[in-house]
Structure formats: C-alpha cells, structure tokens
1. To one decimal place, what Kirkwood hydrodynamic radius in Å is obtained for the range A:173-287 from all pairs of distinct Cα atoms?
2. In whole Å, what are the Cα extents of the range B:1-80 along the three principal axes, biggest one first?
3. Using a 10 angstrom cutoff on alpha carbons, build the Gaussian network for chain A and name the most mobile of A:Pro298, A:Pro145, A:Pro80.
4. Using the reciprocal of the averaged 1/r over all distinct C-alpha pairs, how large is the Kirkwood radius of chain A in Å?
5. Can you name the helices of chain A, as whole DSSP H runs, whose Cα span along the helix axis is 24 Å or more and whose Kyte-Doolittle mean is not below -1.0?
6. Can you check how the C-alpha radius of gyration of the protein assembly as shown compares to 2.2 N^0.38 Å, as a plain ratio?
7. Among A:Tyr31, A:Tyr286, A:Tyr165, determine the one that fluctuates most according to a GNM of chain A built with springs between C-alpha atoms less than 10 Å apart.
8. Taking the Cα centroid of the range B:269-337 and of the range B:219-253, what is the distance between the two, rounded to the nearest whole Å?
Amino acid sequence: MEFELSQNHKQVLELVKWLAKEKLRPLGLEYDKKEEPIPPDHPFFKEIKQMGIEIGVMGSDDVKSESRLKSFIGESKEPPMIATLSILAAEILAWGDQGVFMSFPGPGLASPPIRVMATPEQKKIFFDTFKGDEPKWGAFGLTEPGAGSDVARIRTSAKKDGKYYILNGEKMYITNGARAEWVVVFATVDPKLGRAGHRAFLVRKGTPGFKVSRIEKKMGLHASETAGLLFEDCAVHEDFLLGGEDYYKSKEGFKGAMETLNMTRPAVGAMAIGIARAAYEHTRDYFAENYMLNAVSPFAVKIKAELERMKRKLDIARLICVRAAWLMDMKKPNAREASQAKAYAPPIALDVITRCLELLGEEGTLEYHHIVNKAYRDIKVFDIFEGTGQVQRIVISKRLFASKGKPVEWGENIHGSPN
Amino acid sequence: MIDFSLNENQDLLVKTVEDFAKKEIREKVREIEEKGANDLRKKVFELGLGGVEFPENLGGAGMGMLERALVLKTMSEKGDGGTTYSIFSFLPALYSVFELTQNQDLIKNGIEGKTKITLAKAGIYYDGVQTKAKIKEKDKIVLVVEEKEPQIILFFAEDKSGPSLCSSSEFEIKRKIFRSGLLSSPAYEVEIKSFEKISDVQTQSQNWRRFVARTQIFLSSIVAGISKCAADYALDYALERFAFGRPIAYHQAISFMLADMDMLSASLEQILFKACWEFDNQKDGFDDTATELFLEALEVGKKVTSDAVQVLGGHGYIKDHPTEKWMRDFQDIINAFGSPAKFEGTIKNLETRI
C-alpha cells in the first residue's frame, strides 16, 4: 500500500498545473463573464494543439498511446498508470477551468466508444482526422430531449435503406456538438427492442440532414459549448455503423462500450473536486490574508473548523476517485467503485463551494471572489451528467445485490415472496 | 507510486483474524456482551495479535499501524466492534508508555497480557486529548477505568509544571458505571490513592502527537469495521425482508440507503489506510490525517449504524439482531477518549493533498 505519487507523475502534474493556472484559469473567467463558449477559431486551441494536448487521443492506438505517454513522462520501470494519472490531471485542469478543459480539441467523449466498438478502418478514418495542425473536435451524442438516464428510451431512429441508414431524431446536451468534425450518434432500429435495438453511428459534420439546432444557454460552464443536434432524413453509409452489423449480434459488445463509463465516472468525480478546490483555496487564502485563521473570535473559530472540514472531505473524495482509477489500471473490476466516486464527489464539491459562499457572505458577491461564484454555477451539473447521483446509487445497489448472488432487479418473473 | 493493495503477509493476517472473528465472536456476541471478553483476550494474545505494531525486541511482531488497523477493522467487521474494543482496550495504555516513557518491561508485559494495564478515562482536557485530573494536594482523584481488576492504572494529569503521564498501582475501585454501549467492557469508577509521574508530556510534542494519532487510528479502525459490518448486515436483511410484494432492498428508498452506507463505509476504509500509511512512513502531517480520519469516523459511524437500525425497522431496535448494539457501541467507542469535537480546529496544514 502506498499513497505517494511517483516522481514521473509529479513532474507531469506540475506541468499540468502550470497550464491550468496560466492558460485555463484566465480564459475561463473571461468567457464566464461573456456567458458564451470560446469560439473554435480562438488561438488558444491552436496553441494547445501545438503543445500536443488533446482530449481522447490516449487509447486510439495502445502502442502509440504508451509511447506518447513515455515521451511525455520519460522512460520508467514503473507501470504508466494511465487511468490514475489521467484523473489527477483532470482534477488540476478542472481547478484551472472546467469549461475550458471541456473545450479542449481532440476526439473527446467520442473516443471511448470508438476505441471499444469501431472496426480498424473506422478507427483509422476517425483518428486520422485529428492528426493535422488544425484543432478538431469529436462529440458523443446519446442524450435526447425525452431520454437521459434511461438510455433504453432513445427515439432517434435508424432505418436501413440499401447501403445506408436513415437517421431521424434529436440529440441534446452534446458537448462540442456544433464544432465537432465527427459525432458518435446512438439511434434505435426498433424502440421495442430496448437496448438490443441500439446502434451507434459515426456522423461527419456537413452530412446532409445533420444540423445544429441550438447552442444552450447554461447556468455555468460557459466556456464550453453545449449543443442540440437535429437529424432529418440524414443518410449514413453502413460503413459508418460503429463496429459493423455483426457487432450488435452479441450483447457483450455493447456492454463493453457502456463499461467505458467506469473510466469516465471517476474522472467526472475528480473534475468536481478540482472545481471545489479552486473555490476552497481562494476562500482559505482570503481568510489567511485577513488574519482570520489564527484569530479567536467566534466567527474566526468557525471559519477554521469549516475550512478543515472542506479540506478533509475533498481529500477523501479524491481518494475514492483515485482508487476507482487505480483498479482500472490494475485491470480489476471497478463498476461499483467508479459509481461510488461519481456519487460521492460532486455533492461534496457542491457542499464545499456553498460553504465557501456562506463564509464569505455578502462580500462573496464582489468581483474579487468571482471564482467562487463561478464554481457554484459550474458545479451543479456534475451530479447530473455522466449518470445522475441517483443513477449511480442504482448502479451501486445493483452491484451490491449481485455480490450476494441476488438478481439486480426485481421483476415479474422473479418469485419468492412468502406473502 | 499509488498502490491500494495489501501484501501477502497482510492478506494472511486478515484471513487469520477473519477466521477467528467468525468462529469466536460473531455467533456469540450477546453472550460476550453479558460475560465480558476476558477469555477472548487470552486467545488473542496466544495468536500473537496483542502487539503486532510494536517492535520485536519488545515482544511485538514488528509490523505497523496498518497491520494493527487491519486486525481491528477485520475483527470488528467479521465479528463485532464492541467485542474488539473490549479485547484491545489495553492498547492506548501501551501506546502512551511506548511513545512517552519507553518503559520496556511494562510494554513487554502488557503485550503478553502478564500485566493488566489500562489508561483511565474522563477528566479534563489538554491539547486536544483528555487528561484525567488536576494535581493539587487536596484533590481527590477519581477516574474511570475499563478493567475490573487492573494492576496498573495510567492517567494524564497536570500541575503547575504542566501535564504528565502518571502511573498508579494503589487505588480503590468504587462502583460500576452505567453506560449504553460497550457492555462487554464494564467501566468502573476508581479512586487513586497514590501515584507517580512517569513522563513529562510537554517536552515531547512529537511523541505526544504520535500517541494521539495511534489512539485515533485504534478507535477509527473499529468504527470502520462496525460501519462495514452494519452496512453488510442491513443489505442481507433487506434482501430477505418482504414488503409491498418484494424484498425491501428492491424499493429505491431502501436501495439508496444501502448504496450510501456502502459508499460511506468504503470511504472511511480508504482514509483509514491512508492515515496508517502516513503514520508508518513518518510522513509530514500524519497527525492531521489521523485527526481527519477520526472526525470522519465520527460522521460515518453515526450515519451508518443508525441507518442499519432504520433498514431493519422494528427488528433493528430489538436485541434479536446486533444492529442496535452496533449503534450503542459506536457512540461509546468514538467517545472513549473524550469528545472528537475537541479535535476540530487542530489541523495545522490546510493544503489538500493525495
């Protein structure tokens, strides 16, 4: 057992910290005030693309990913621990600014399903798009106006017509959806089949019938673009059905794609910690500069105790997220732990930020404390996207039931009630 | 490098304790609560679990606080937390001797169970830990101990020169004290007749912090075990108990409670391991982390033991099930060396860290 980062990881995270502080933080505050997403042609994107930083590139090719990481952190006898390092980096980038972090160019959330489901040809076409000097984005389209947590309810239809699938429907809350070169779109060939009827498609920007219907005005995360997408008789060639027809004959394949959530959920938890840590550190430093941490007035004593509690909760939340990622690095099952991380961290983060605002009181509305107010608006969605806190509790309880050899759901076909 | 796994020796230790707890404790919880845990303590000494964290030259096993925490947590989780506390309630006394006086004979005899040594409870406060008495000539020193027939009573007291660790072998047991939990460790009021100061605390701040951290880890390990155990017991019950046409676990109101109990007990376990690792590796801020662990144990234990009773409903409230016992025991364990609330405001470094 060990709770210390390797020297290599420390070095990487120092670099990430520099990026978060010097680049992400000022840009995030600027676009929070503007209440609009950073435009795709902003020089920042080109700058970080030139630095070799993209989201979702890791894993596009396992050999390349590893050599890429090695070139970044140097040769080491230790295992690279990609998942652990990634979520620690995610926390720091979110500490800089989560909205800007989510706007990073690269395959983004489209990457995990492509990594798991796509054919080698599809992978090549997709990942080659991101090779040039120009920043490009990928996006992931699952949620619809009428279907979020209950994925089985998606209604975007895919009807086979010769060598094409005709997509009709609407997608919502799609991060980077309007600027994406490729969107992974989930649709159903028959809503009655539930998950068995689902198909995933790679849809390229500019495909006839594929439109951006709206850019959302949100409570927070202003720097990040959240789009609504519309598909009206959008014809997608069968070559762009992710994994090909055979893939969907086995239920396991699709399940595999869903298991990529076991990586992203701890990362979302870590991001929430990053946002809350930014608010916490600002508040702590503010009170320290005002000589309140060693004072003896009742309010000063309260401030110190509150800050201690915030620090404790953030450290524990981080520990849970890191453990879920570590299990993934060890190639051990982590569904329960990943959901624990996602269920635990965001409410803790919201609680920390709220307490910061409460301690700052009316003063908290001043420009000087913008970061705390921004964090309050940014954080709430973390208990919602990637599976709400309630969905995580459903996942955890199902795993608990399974650990006792019991069915994960109670259905009509299960009997046993003595009464 | 980050690593959450146990090594082979630690796995073996956990397995040994698990077997012992299942066989000797879980099935006999109510009997032990009534008759006490003295017989079990002897068996634990025979198994060599009395001093796993002490150096080999003092009769220990030369392991660390992580191994101690694994013993306590596992025994509480697979057996019973109150019983575990009763068996190991001599440890804080040994910690005080080990960190503050280094009296080797006393430690050796304590580890082997040859000398019944106990650290007295109740009294006044010093630097976040309860001290036991003010030393003035006319004062009558009355303390609380958890041994019926102790041979040596240790206690903290202070006079004009500051706080000291004191030792007494001349005292009088006055009466048994009523309390809600930890009935397998009956507590007695004792009047000290004579004593000697064996260590000046004030000059040993680092050792004092180590003593406090050890005691916090000791208590929190048991609470971590109780929390895991209560969560698991509630889950088993909820999967069997029917209401409204299905086991209650399949109603979301209950399944969400079960998920939260699982999540909270897992979180406590992780910070317990982290606190032990920092302590064993003498990391800066080990005392802060031990205090955070202790405060978290307070929150988690309170929520999980109470929720376990709630999930069992009326059955949780009566003595047919152990959940009511865990709720009672938890409160007396977490308060065993004074209110945890007094540690609030004592964290020195407010920088978050892995």
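1. Values: mean 1/r = 0.0584 Å⁻¹.
Final number for the Kirkwood radius of the range A:173-287 is 17.1 Å.
2. 46, 29, 15
3. A:Pro298
4. Hydrodynamic radius (Kirkwood, Cα pairs) of chain A is 22.7 Å.
5. Working: long enough: A:261-289 (41 Å, -0.03); A:298-329 (46 Å, 0.16); A:335-360 (38 Å, 0.34).
Helices meeting the criterion: A:261-289, A:298-329, A:335-360.
6. Values: Rg = 29.1 Å, N = 773, 2.2 N^0.38 = 27.5 Å.
Against the empirical 2.2 N^0.38 Å value, I get 1.06 for the protein assembly as shown.
7. Comparing A:Tyr31, A:Tyr286, A:Tyr165 in the GNM, the peak value goes to A:Tyr286.
8. The range B:269-337 and the range B:219-253 have Cα centres spaced 16 Å from each other.
Computed from the coordinates by the stated procedures, all read-outs in this text should not be read as laboratory data. Being a predicted model, the structure only gives us computed values, none of them experimental. Neighbour counts run over all protein chains shown; Cβ positions are idealised from the backbone, glycine included.
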